[in-house]
């Protein structure tokens, strides 16, 4: 009985160290965000070449609703529970081609551009702005075209990233309708999978010892108007 109790306690502690990214704006969990494969177990993607690295889905099942946001404003993305592991938050957008349904579009191909990433504070350890937070303001560029978009949220846990495949990716994709905007077509678009390599310096990294004095975010530069 004692052994079983210890096993259950360890499992509970392990699950509590992980998290999902299930909500944008004032909606409910998974209302505007596609239900990720970790919605019940708070797991992570460990293989950057997996199809799950896109939206953490084994299929393209859409969410029930689409969240409306104006270009030039921001949308709040929520974690549940708060971000526990050290590592960067990153956000990407991909515009759904005209005439296609955001609820079934796959997001395949070089269609994703980065709108935000964070850098750590350097010192005796790396301190990330996202650590301990459960909500994030995601900027929607003012110059992008109106239309339907997928917004890809990604947190990369780097606590055991010193060996290949050790980085942990917590991901989900929200369905947006962006209003207003301009006519700029972002450059440096990437595909998922394809944007990352397991050996990228921001993915294969020992953040514990010796403590790094710089950090290079994986993926393209952040797009700005």
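What follows is calculated from the coordinates using simple rules that are stated; it is not laboratory data. Computed from a predicted structure; not experimentally measured. So basically every Cβ, Gly included, is an ideal-geometry build from the backbone, and we count neighbours across all protein chains shown.
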Which of rounded, prolate, oblate describes the range 128-178, given a ≥ b ≥ c as roots of the alpha-carbon gyration tensor eigenvalues and a/c under 1.5 marking rounded, otherwise prolate only if a/b is larger than b/c?
prolate
Of 88, 22, 97, which is the most mobile in a GNM of the chain whose springs link Cα atoms less than 10 angstrom apart?
97
Of all DSSP beta bridges in the chain, what percent run antiparallel (nearest 5)?
90
Starting with the fewest neighbours, write out 159, 85 ranked by other beta-carbon atoms found within 10 Å of each beta-carbon.
159, 85
Could you tell me the center-to-center distance, by alpha carbons, between the range 192-225 and the range 94-108 in angstrom?
28
Round to the nearest 10 and give me the degree value, 0 to 90, for the angle of helix 2-16's Cα axis relative to the longest principal axis of the chain.
30
Rounded if a/c is under 1.5, else prolate if a/b is larger than b/c, else oblate: which is the range 18-179, with a ≥ b ≥ c the root eigenvalues of its Cα gyration tensor?
prolate
With springs connecting C-alpha atoms under 10 Å apart, model the chain as a Gaussian network and identify which of 72, 107, 157 has the largest mean-square fluctuation.
72
Prolate/oblate/rounded call for the range 182-225, Cα gyration tensor, a/c under 1.5 rounded
oblate
Specify the residue with the greatest mean-square fluctuation among 93, 158, 126, computed from a Gaussian network of the chain linking alpha-carbon atoms under 10 Å apart.
126
